[in-house]
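The values are calculated or read from the model by the stated rules, or taken from the named source; none is laboratory data. Just so it is clear, the structure is predicted and the values come from calculations on it, not from any experiment. Cβ placement follows ideal geometry from the backbone for every residue including glycine, while neighbour counts extend to all protein chains displayed. Heads up: the accessible areas ignore ligands, DNA and RNA and are worked out on the full protein's heavy atoms, side chains in. Shrake-Rupley method; radii C 1.70, N 1.55, O 1.52, S 1.80 Å.
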Amino acid sequence: GDPRAAKIDEMLARVGLADASNQYPERISLGMQRRVALARGFILEPEILLMDEPFVSLDDDTARSLRQLLMDLWHRQPTTVLFVTHDRAEAVQLGTRIIRLLPGHAGIVQDLP
């Protein structure tokens, strides 16, 4: 078959959405939509992936599950991710380097390993 379709099916399975591949985006949950976003980002095998508060507005369990999924995807397919968050615990859990910015004019307050 089509190698692109096989790659898409594999990525959907990896993010736990193999059974939802024919669903319309507006008919799936917010958590599932965020899983699709992760799949879209990683399927292109980018050198850098920019993520701006990807888990905001999710309940704690769903956010925790998606953070774990993100870490699993990173381990399988290493890439540089620039991740923006206001959640300090999320930054500590996910980050290998944390840069804290000043509010308003984005000056650097801290640059931590």
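Is it true that some residue in segment 3-25 is more than 12 Å from the chain's Cα centre (by Cα), of a type in the set (S, T, N, Q) and surrounded by 10 or more Cβ atoms within 10 Å (Cβ to Cβ)? Checked against the condition, which is being more than 12 Å from the chain's Cα centre (by Cα), of a type in the set (S, T, N, Q) and surrounded by 10 or more Cβ atoms within 10 Å (Cβ to Cβ), segment 3-25 yields at least one hit. The single residue among V92, V56 that is among the hydrophobic types (A, V, I, L, M, F, W, C) and open to solvent by less than 90 Å² (accessible area, probe 1.4 Å) turns out to be V56. Under the condition of being exposed (fewer than 10 other Cβ atoms within 10 Å of the Cβ) and within 27 Å of L12 (Cβ to Cβ), the residues counted in segment 59-89 number 5. Of the listed requirements (1) touching a residue at least 12 places away in the same chain (Cβ under 8 Å); (2) part of a loop (DSSP other than H, G, I, E, B), L12 misses just one: (2). Summed over segment 26-53, the residues that are touching a residue at least 24 places away in the same chain (Cβ under 8 Å) and open to solvent by 60 Å² or more (accessible area, probe 1.4 Å) give a count of 6.
In this structure, R64 does not satisfy being assigned to a helix (DSSP H, G or I) and closer than 22 Å to A5 by Cα.
Here L50 clears all of (1) at pLDDT below 95; (2) assigned to a strand (DSSP E or B) except the condition numbered (1). Regarding segment 90-98, can at least one residue be identified that is part of a loop (DSSP other than H, G, I, E, B) and under 21 Å from A20 (Cα atoms)? Scanning segment 90-98 turns up no residue that is part of a loop (DSSP other than H, G, I, E, B) and under 21 Å from A20 (Cα atoms).
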